[in-house]
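Before any comments, here is the structure.
Just so it is clear, none of the values below were taken in a lab; they were calculated from the coordinates. Bear in mind that the values here come from a model prediction, so they are computed numbers and not experimental data. Here the Cβ is made from the backbone with ideal geometry for all residues, glycine too, and neighbour counts use every protein chain on show.
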Amino acid sequence: MCEPTHSINQFPDNDDSGPIQPRIDAAAERTKSSHKGLWEWAKKIMGRLHYSRFGSGHSEGMALGKTAFSMLPEPTRYEANWWSREVHLDGLFRDSRFHDNKKAMEFEKKLALEAATEYANRSSIGNLSLLRRFLENSILQSEKPLVYLTSMVDLMILPKYKDKSVRRIKGILGIKEVSRFAARRYLDISGEEKNKIAKLAVGFTRQRGILVPCWADDAQLWS
């Protein structure tokens, strides 16, 4: 699915060939023109390296060229569904250290998911400030910015408030059909329009009464 989820790449800190971080650094060095932001959302948690780029999918999140990326082991990919505050594995769990030991592999798979979930909690879904930062940055950097806003209406806002929210979106953006606007190419969406989309998304997160329980019912988020 990638966008609009928070797409997370995860590596163990080492494999049979040794530490992975130096290889990531070397790969980034080979693609100087494209690795801007590679370390912006990089975190090591529970012995695992995590990378993502707001407003991008998994491949774009590493911001490395194909040749440079080939220097690295295949990452394990996760998606954080920010609307439901859930993190799930996207594809196969990849850790070559345990391929010959199924029991150890299953144990490490659980630990790896815990690490990825903690990473998401620290960068996008742990509180409302993080969510708002994630949404704003993603929308401003994405090639399909409105998909974040439409996903919010469909999945994070309670059904009885959906029509009202859509009317507000149409009014603010000055459009007649949201789905047609969402299908527009990135180059056709002005910076002013993207700013309006970001402000709408952030604005909806400030209305506790319209949000789904995983956000609205967590008293710690609103204290």
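With a ≥ b ≥ c taken as the square roots of the eigenvalues of the C-alpha gyration tensor of region 128-221, please select rounded if a/c is under 1.5 and otherwise prolate if a/b is larger than b/c or oblate if it is not? The partial results should precede the final answer.
Numbers: a/c = 2.32, a/b = 1.46, b/c = 1.59.
Cα axes put region 128-221 in the oblate bin.
What full-extension length gain, to one decimal in nm, is calculated for H88 and R30 as 0.36 nm per residue of separation minus the Cα-Cα distance? Mind dumping the intermediate values first?
Details: separation 58, 0.36 × 58 = 20.88 nm, distance 3.14 nm.
So the chain would gain 17.7 nm between H88 and R30.
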Checklist entry - In nm, to one decimal, how far is the L158 label point from the Q220 one, both placed 7 Å along Cα→Cβ? => result 2.3
Item to check | the chain: angle of helix 146-155 to the longest principal axis, Cα-based, in degrees nearest 10 | outcome: 80
Checklist outcome for this item: Least to most buried among F98, F11, by other C-beta atoms within 10 Å and fewest first, runs F98, F11
Next on the checklist: Order these by the 10 Å Cβ neighbour count, fewest first: L72, L135.
Outcome noted: L72, L135
Item to check | Entry for P(r) over Cα pairs in 10 Å bins from 0, in percent (calculated from the structure that is shown) out of [x] 8, 28, 28, 21, 11, 3, 0; [y] 8, 27, 32, 22, 8, 2, 0; [z] 8, 31, 32, 19, 9, 1 | outcome: [z]
Checklist entry - Under 5 Å between amide H atoms, partner at least 5 residues away or on a different chain: which partners does L211 have, H built in plane at 1.01 Å? => result L158
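Arranged by the count of other C-beta atoms within 10 angstrom, fewest first, what order do H58, H6, H99 take?
Working: H58 20, H6 25, H99 11.
Fewest to most other Cβ atoms nearby, the residues stand as H99, H58, H6.
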Checklist outcome for this item: Here the Cα Rg-to-2.2 N^0.38 Å ratio for region 6-125 is 1.01
Checklist entry - Looking at V147, L130, P159, which one has the Cα that reaches farthest to the positive end of the dipole of region 128-221 (charges on Cβ: Lys, Arg +1; Asp, Glu -1)? => result P159
Next on the checklist: Can you give me the long-range amide H partners of I45? Hydrogens built in the peptide plane at 1.01 Å from N, cutoff under 5 Å, separation of 5 or more residues or another chain.
Outcome noted: H50
Checklist outcome for this item: Flagged as over-length at 32 Å C-alpha distance, from K110/K170; K109/K164; K110/K164; K43/K199, the pairs are K110/K170; K109/K164; K110/K164
Next on the checklist: Output the 0 to 90 degree angle, nearest 10, between the alpha-carbon long axis of helix 21-30 and the longest principal axis computed from the alpha carbons of the chain.
Outcome noted: 70
